Amino acid sequence: MNELNALSAASATAPVRKVDPKNAETAKEFEAMFLGQMTKMMLESVQKGEFNGGAGEEMFQGVLAEKLGTEIASRGGVGLAPAVLDSILKLQQGQ
């Protein structure tokens, strides 16, 4: 049995947990914040050309990165929120 089948079999027999909507929202917000920070670092690494936004661009670049991270997370993200939610649930159960 390969690893994927083993994971599928383990998840099929795992009990279904009740998920508090606050925990799910916290996990999604964490993913949005993480993606916003990644986006900010990515935007900062781009070289400025002749036609940059000047002081206004510098001032609002952090806001743009935050909004991009939130939008990416709201459209499914990169799969970080489920892992964070699982960790939250394990911590609450004392595992």
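The values are calculated or read from the model by the stated rules, or taken from the named source; none is laboratory data. Every value quoted in this text rests on a predicted model; they were computed, and no experiment measured them. A quick note on method: Cβ atoms are made from the backbone with ideal geometry, for glycine too, and the neighbour counts reach across all protein chains shown. Protein only, heavy atoms only, side chains kept; ligands, DNA and RNA dropped before computing areas. Shrake-Rupley method; radii C 1.70, N 1.55, O 1.52, S 1.80 Å.
Going through (1) assigned to a loop (DSSP other than H, G, I, E, B); (2) at pLDDT below 80; (3) within 22 Å of LYS90 (Cβ to Cβ) one by one, ALA10 falls short only on (1).
Are any residues in the range 69-95 among the aliphatic types (A, V, I, L, M) and open to solvent by less than 70 Å² (accessible area, probe 1.4 Å), and if so, which ones? Break it down into steps so the answer makes sense when it comes.
Within the range 69-95, the first condition is being among the aliphatic types (A, V, I, L, M), and the residues that meet it are 72-73, 78, 80-81, 83-85, 88-89, 91.
Within the range 69-95, ALA73, LEU80, ALA81, ALA83, VAL84, LEU85, ILE88, LEU89 meet the criteria.
Residues of the range 13-32 that are closer than 16 Å to GLY79 by Cβ and either modelled with pLDDT under 85 or not aromatic (Phe, Trp, Tyr) (or both): ALA24, ALA27, LYS28, GLU29, GLU31, ALA32.
Step by step: first the residues of the range 39-60, then only those that are assigned to a helix (DSSP H, G or I) and open to solvent by less than 100 Å² (accessible area, probe 1.4 Å), then the one that is nearest to GLU71 (Cα to Cα). Which residue is that? Before you say what the answer is, go through the steps one by one.
Taking the range 39-60 as the starting set, the residues that turn out to be assigned to a helix (DSSP H, G or I) are 39-44, 54-60.
Restricting the remaining residues to those that are open to solvent by less than 100 Å² (accessible area, probe 1.4 Å) gives 39-40, 43, 54-57.
Values: THR39: 11, LYS40: 14, LEU43: 16, GLY54: 25, ALA55: 25, GLY56: 22, GLU57: 20 Å.
Per the stated criteria, the residue is THR39.
Does LEU68 fit the bill of being under 17 Å from GLU29 (Cβ atoms), in contact (Cβ under 8 Å) with a residue 40 or more places away in the chain and not β-branched (Val, Ile, Thr)? When the stated conditions are applied, LEU68 does not pass them.
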